[in-house]
Amino acid sequence: MTRAVVAVAMACAVACVVNAADDRHLMKGVVLSVDRAAHSMVVSTEAVPGFMAAMAMAMDVREPAALDGLMPGARIEFVYVVDGKSPYAEKIRVLGIENLDRKQLELQRLKVLNAIANPAAADRVVRIGQPVPDFALTDQVGQRVTLSSLSGKVVALTFGYMRCPNPAYCFRLASNLGQVQKQLKDKLGREVILLTILLDPEHDQRQALLDYARVWTSDPLTWHFLTGPAPDVRRAAGLFGVEYWKDEGAVLHSLNTAVIDRQGKLAANLSGNEFTGGQLADLVTTIVNRR
């Protein structure tokens, strides 16, 4: 065997060892919790074909600065490294809202402009870790529901309206709550409450509202579909940064799903519709298990 052949063989052998010891996978997921002291996070990941199924998993982060500003509910992309010792995540990047149509993109731009023009309104949006101010609306069976009455329970809520024509928006967000309902059925009512706030109070009323709610749940005590006077609905939506207005017979609105912890503080506020119902259920479960 010539020296050249030996050198090539050795190079190939080294490359194989490096590849085996430094296996890297680009992954996406929703952050469930962050432990900055332990330099770690828990993420509900999307499936990676040929590597792993979708799951909630803890992982080390070797660069502590990568965790700065990272909050539960953030949708991230990262590289998962299996180095033969202890797997870890690196190159963490928070993802923006993706796959929006033209009107949703316009809405996002208008939200930015409104925040610049009206900073007082932007200041009223609740931040992660802050108490959520009380609000009162009426559900599908005519019961008055206040947020304060749900103290001690984890609340998952989203927004929509009955006549929404785009299945990727209101229907998908409601379906995500449906997945929470399915996965946490033993905790519903006792530890978890679901809320959908309807953004078209002119139409989302009475029997129509009750019929719509029955599509999603048979128990109005565990999943409330809320409406009320237009100013009250707008105030409640504004607490979570939701903006909306009428547009050619439809209601154009931002896509938000929020989770409030047992103490009434905002635990997460997910923007967009790129996460799955399973990831939302993992997030709610994580917040339920906080003690």
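For the pair residue 52 and residue 185, the difference between a 0.36 nm per residue extended length and the Cα-Cα distance amounts to 45.2 nm.
Checking every one of the chymotrypsin sites (Phe, Trp or Tyr not before Pro) in the range 44-84 against DSSP loop status and a limit of 12 other Cβ atoms within 10 Å picks out 51. Net length available on complete extension from residue 85 to residue 23 is 21.2 nm, with 0.36 nm assigned per residue and the Cα-Cα distance removed.
Rounding to the nearest 20 debye, state how big the charge dipole of the range 128-266 is about its Cα centre with +1 on each Lys and Arg Cβ and -1 on each Asp and Glu Cβ.
That gives a dipole near 400 debye.
Using a probe of 1.4 Å on the protein chains alone, the accessible area found for residue 163 is around 100 Å².
Heavy-atom accessible area with a 1.4 Å probe sorts 206, 291, 214, largest first, into 291, 206, 214. The accessible-area ordering, largest first, of the residues 60, 139 stands as 60, 139, per a 1.4 angstrom probe.
Summarising the label geometry, the points placed 7 Å from Cα in the beta-carbon direction at residue 36 and residue 71 lie 1.4 nm from one another.
Note that the range 123-195 presents 47 Å² accessible area per residue, ligands and nucleic acids not counted, probe 1.4 Å. Candidates 240, 166, 223 compared by Cα position along the dipole of the range 162-272: farthest toward the positive end lies 223, with charges placed on Cβ. Beyond 22 Å in Cα-Cα separation lie the following of the pairs 182/246; 187/265; 153/185; 153/182; 182/265: 182/246; 182/265. For residue 28, the solvent-accessible surface with a 1.4 Å probe is about 60 Å², rounded to the nearest 10.
Summing Lys and Arg as +1 and Asp and Glu as -1 over all other residues whose Cβ lies under 14 Å from the Cβ of residue 64 gives a net charge of -3. Using a probe of 1.4 angstrom, how much of the accessible area of the range 195-291 is carbon and sulfur, in percent? Within the range 195-291, the accessible surface is 51 percent carbon and sulfur. Calculate the translational D of the range 41-95 in whole µm² s⁻¹ from Stokes-Einstein, where the hydrodynamic radius comes from the Kirkwood formula applied to all Cα pairs, the temperature is 37 °C and the viscosity 0.692 mPa s. Stokes-Einstein gives a translational diffusion coefficient of 276 µm²/s.
The values are calculated or read from the model by the stated rules, or taken from the named source; none is laboratory data. Computed from a predicted model, the values in this text were never measured in an experiment. In this analysis, Cβ positions are derived from the backbone assuming ideal geometry, glycine residues included, and neighbour counts consider all displayed protein chains. When the accessible area is computed, the model is the full protein with side chains, heavy atoms only, and any ligands, DNA or RNA have been set aside. Shrake-Rupley method; radii C 1.70, N 1.55, O 1.52, S 1.80 Å.
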